[in-house]
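Q: The structure that follows is given in the form of structure tokens.
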Amino acid sequence: MTSFLQYVADNSSLLIEYTLQHLRIGMLAVAIGIVIGLPLGLLIAKLPFAQKPVLGLSSVMQAVPSLALMGFFIPFIGIGDKTAIVIIGLYALLPIIRNTYTGLTNIDQSMMEAARGIGMTETQILFRVQLPLALPVIMAGIRVAAVNSIGSATIAAFIGGGGLGKQIYAGIQIINVNMILSGAIPACLLALLIDFIFSLIEKAVVPISLQLSGAAISTESLKKMKTHRRNVLAVALSALVVLTGSIVYDSIDWAGMSGRTVTIGTTEYIEERIVSQLYAQVIEDRTDLTVELNNAMGSSLVLWEALRNDEIDIVPAYTGTWYGTVLELPLYPGMTEDDTYNNVAEALRDYGITAAGQLGPNNQYVFAVKPELAEQYGLETVSDLAPYASNWIVGCSQSYYARENDGLFPTCEEYGMSFKEALTFGAAPMYLALENGDVDVIVTYRTDGLLQRYDLVLLEDDRNFIPPYVLFAMVNDKALERHPELLEVCMELDHAVTDAEMQEMNLRGAEAGEEPYDIAREFLLEKGLISE
């Protein structure tokens, strides 16, 4: 508990920033849900034939996995908060539409007939009778949507957005409990706070005549209730104005208005976060450019879309990933590091992207086992593993499991082996699974810092099937047109880091919890690549 409180104290400003981002994403999503959901609820209440299609479609949207929606919307909307807000807003539709419809269609028909009997028009009946009577049910739906939206806002971290999800996912990758809790606990408390606030709003918007339910009440008490109602609604309106202002504020690229800002994007993995700092600090040391980092993009394909759409300028990447998965170039055994890099660099030119040198480390996929298992079965190569694979469970990353050209299944086919079962994990949890005996073999990375901690035996790819995964930099050509000096600066890091140095930096980030900025700065200063 002491270490957690200390972590929160040391990172309080960052956590406050993430919490505000999280709140903003969730509440804007609810606003979208209200703007779309309320009219649709009114529509199906007035047009019964539209009920099944509208409710059916909103139910389907609720059932579609968020990751699938991300893949659908990213090519059209791009990355960042805006995409997350749209996706979460779609999830907020169902409770709002359903409760609006239910509230409006369950009103006592005698009251409707009485309203018509005194000469009210249909519009007057809607706004003076139906909506006031339906408000308790409608607000209950909005309240549910608000709480769900705050809980779902963590998905923004997958696509380069903000919020507390960045803390949670980064912490999972390195099994940093303090980091995970510092994101999860505020997210939970925020959901409870939103539930409480919306309960107050729910009570305030319901007409006082409905709240009284015929009970006797003094004039003074009635006056206090009206004052309280006005105050709550005023606060709610103020919050709406702030949210609207935040949309306008977010749409303006304040940092980029000077034209001297570049953006580097990576996923949340510790190695990529460290590497992004290496490039960022060298760029800022050598030029007058300001570098913005986005270290919470969900996958290589998300980065690819963002780079091609000029939403980010630089991506530190792996030659093997771009070779086989993104660019889908033909693989062949025995590829060298330079072969892979040169082929990728040539293919990238067709997309308006320049390869800006190899950083050096080869983070190639590698099969690893415990020393005692290697000794018992004489395991030195992947070929040695093949006869026993059918009795063992393998653990690997989701990306390696899904790769069609050089992933788990193509590699197994090359070596004529089939595992009993394959489980997928995040980077650090995979080691825990091996340590606990949940898996017998893992597929990890050569420069992973946790290899030092667990002292595993790496099996040689004796058929040279797995291509090199050398870290290199990709720069959007539009960014080079704006800042031609970027290419020369990035090339200064060409082969600047060895495998052993990268593994050591990764270990410091994953085990000791050191900040990527500090790790990168110490390395660059030691190598004389930046000045004090």
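Q: What fraction of the Cα pairs in the range 50-168, stated in percent, has a spacing above 26 angstrom?
A: 37
Q: Per residue, how much accessible area does the range 461-510 show when a 1.4 Å probe rolls over the protein heavy atoms, in square angstrom?
A: Dividing the accessible area of the range 461-510 by its residue count gives 39 Å².
Q: Could I ask something else about it? Find the relative contact order for the range 426-532 and round it to a whole percent, using C-alpha pairs within less than 8 Å whose residues are 6+ positions apart.
A: 31
Q: For R143, R128, give me the order by solvent-accessible area with a 1.4 Å probe, most accessible first, ignoring ligands, DNA and RNA.
A: R128, R143
Q: Could you sort 415-424, 82-91 so that the peptide with the highest average Cβ count within 10 Å comes first and the rest follow in order?
A: Packing proxy ranking, top to bottom: 82-91, 415-424.
Q: Based on the Kirkwood radius over alpha-carbon pairs, what is the Stokes-Einstein translational diffusion coefficient of the chain at 25 °C with 0.890 mPa s viscosity, in µm²/s? Don't skip to the end; give the middle numbers.
A: On the way: Rh = 26.3 Å.
Calculated translational D: 93 µm²/s.
Q: Here is a follow-up. Compare the peptides 51-64, 9-22 by average per-residue count of other Cβ atoms within 10 angstrom and give them in order, highest first.
A: On the way: 51-64: 13.8, 9-22: 15.4.
Ranked by mean Cβ neighbours within 10 Å, highest first: 9-22, 51-64.
Q: Taking the Cα centre of the chain as origin and charging only Cβ (+1 Lys, Arg; -1 Asp, Glu), how large is the dipole, in debye to the nearest 20?
A: It works out to roughly 4420 debye.
Q: Leaving out ligands, DNA and RNA, and with a 1.4 Å probe, what % of the accessible surface on the chain is carbon or sulfur?
A: 58
Q: So how do K224, K46 rank on accessible area, 1.4 Å probe, biggest first, that is with the largest at the start?
A: Values: K224 130, K46 100 Å².
Result, largest first: K224, K46.
Q: With labels modelled as points extended 7 Å from the Cα through the Cβ direction, what inter-label distance (nm, one decimal) is found for L458 paired with E414?
A: 1.6
Q: Express in whole angstrom the spacing between the alpha-carbon centres of the range 102-117 and the range 313-361.
A: Their Cα centres are 67 Å away from one another.
Q: What is the local net charge at P467, summed over the other residues whose Cβ is closer than 13 Å to its Cβ (Lys, Arg +1; Asp, Glu -1)?
A: -4
Q: While we're here: Would you mind calculating the relative contact order of the range 278-432 from Cα pairs under 8 angstrom and at least 6 residues apart, reporting the percent as a whole number? Walk me through the intermediate numbers first.
A: Numbers: 114 pairs, mean separation 25.0, N = 155.
Relative contact order here is 16 percent.
Q: Cross-link partners among aspartates and glutamates for K224, C-alpha distance below 20 Å, same-chain residues fewer than 8 apart left out?
A: K224 reaches E202.
Q: Follow-up. Of L307, Y318, V282, which is farthest towards the positive pole of the range 269-323's charge dipole, taken about the Cα centre with +1 and -1 on the beta-carbons of Lys, Arg and Asp, Glu respectively?
A: After comparing all options, I get Y318.
Q: Roll a 1.4 Å probe over the protein heavy atoms and report the accessible area of I34 in Å², nearest 10.
A: 50
Q: Given the -39500 (n - 2.57) contribution per DSSP H run of 4+ residues, what per-residue ellipticity at 222 nm results for the chain, rounded to the nearest 500 deg cm²/dmol?
A: Taking each H run of at least 4 residues, the total per residue is -18500 deg cm²/dmol.
Q: Would you kindly work out the equivalent ellipsoid of the range 1-67 from its C-alpha gyration tensor and give its semi-axes, the square roots of five times the eigenvalues, largest first in whole Å? It would help to have the intermediate numbers written out before the result.
A: Details: eigenvalues 344, 38, 12 Å².
They are 41, 14, 8 Å, listed from largest to smallest.
Q: Still on this model: Once a ≥ b ≥ c are taken as the square roots of the eigenvalues of the Cα gyration tensor of the range 406-469, is the result rounded (a/c under 1.5), prolate (a/b larger than b/c) or oblate (a/b not larger than b/c)?
A: Taking the square roots of the gyration eigenvalues as a ≥ b ≥ c, the range 406-469 is oblate.
Q: Another question, then. For the residue pair T105 and S399, what label-to-label distance in nm results when each label sits 7 Å from Cα along the Cα-to-beta-carbon direction?
A: About 4.7 nm separates the two model spin labels.
Q: On to the next question. Taking a cut-off of 29 Å between Cα atoms, list the lysines near K166, but don't count ones fewer than 8 places away on the same chain.
A: Hits, sequence-local ones excluded: K82, K478.
Q: From Cα pairs below 8 angstrom and at least 6 apart in sequence, can you work out the relative contact order of the range 58-148, rounded to a whole percent?
A: 36
Q: Hey, how many Å between the Cα centroid of the range 397-454 and the Cα centroid of the range 20-54?
A: Rounded to whole Å, the Cα centres lie 43 Å apart.
Q: Let me ask something else about it. Quick one: accessible surface of M491, probe radius 1.4 Å, all protein chains present, in square angstrom to the nearest 10.
A: 80
The values are calculated or read from the model by the stated rules, or taken from the named source; none is laboratory data. Predicted, not measured: the structure shown is a model, and the values here were computed from it. Every residue, glycine as well, gets a Cβ built from its backbone with ideal geometry; the counts of neighbours run over all protein chains shown. These area figures cover heavy atoms from the full protein model, side chains too; ligands, DNA and RNA do not enter into them. Shrake-Rupley method; radii C 1.70, N 1.55, O 1.52, S 1.80 Å.
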